[in-house]
1. Rank Val35, Val11, Val49 by mean-square fluctuation in a GNM of the chain with C-alpha springs under 10 angstrom and give only the top-ranked residue.
2. Would you mind getting the accessible area per residue of the chain, heavy atoms of the protein chains only, 1.4 Å probe, in Å²?
3. Let me check against my output: what whole-number percent is the relative contact order of the chain, with C-alpha pairs under 8 Å and at least 6 apart?
Amino acid sequence: MAPVIRRFRRVNGKTLEDDGIFAEIGAGVPDGMRVDREGNLWSSAADGVHCFAPDGTLLGRILVPETVSNLCFGGQ
């Protein structure tokens with residue numbers, strides 16, 4: 001099985017419950033993650049940066065020649 005990003009939901013504002021798999025990372029493992037203003041999740045992976053819609057659909061990849069081991073956005 002490929003490495004995955006799991007989804008959790010907050011219950012009663014206090015606990016988390018596993019809500020299943022959000023997305024699969026085809027290359028490497030997810031490391032640094034960030035959510036943008038539209039709710040898209042960006043994650044590093046072995047082949048670059050992957051972007052997923054709020055429902056987990058892969059929107060695209062930014063491929064780079066090096067393994068990406070973290071992810072950070074500039075600004076607030």
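1. Largest GNM mean-square fluctuation: Val11.
2. 69 Å²
3. Once normalised by length, the contact order is 23 percent.
The values are calculated or read from the model by the stated rules, or taken from the named source; none is laboratory data. Please read all numbers here as calculations on a predicted model, not as lab measurements. Heavy atoms of the whole protein, side chains included, go into the accessibility calculation; ligands, DNA and RNA do not. Shrake-Rupley method; radii C 1.70, N 1.55, O 1.52, S 1.80 Å.
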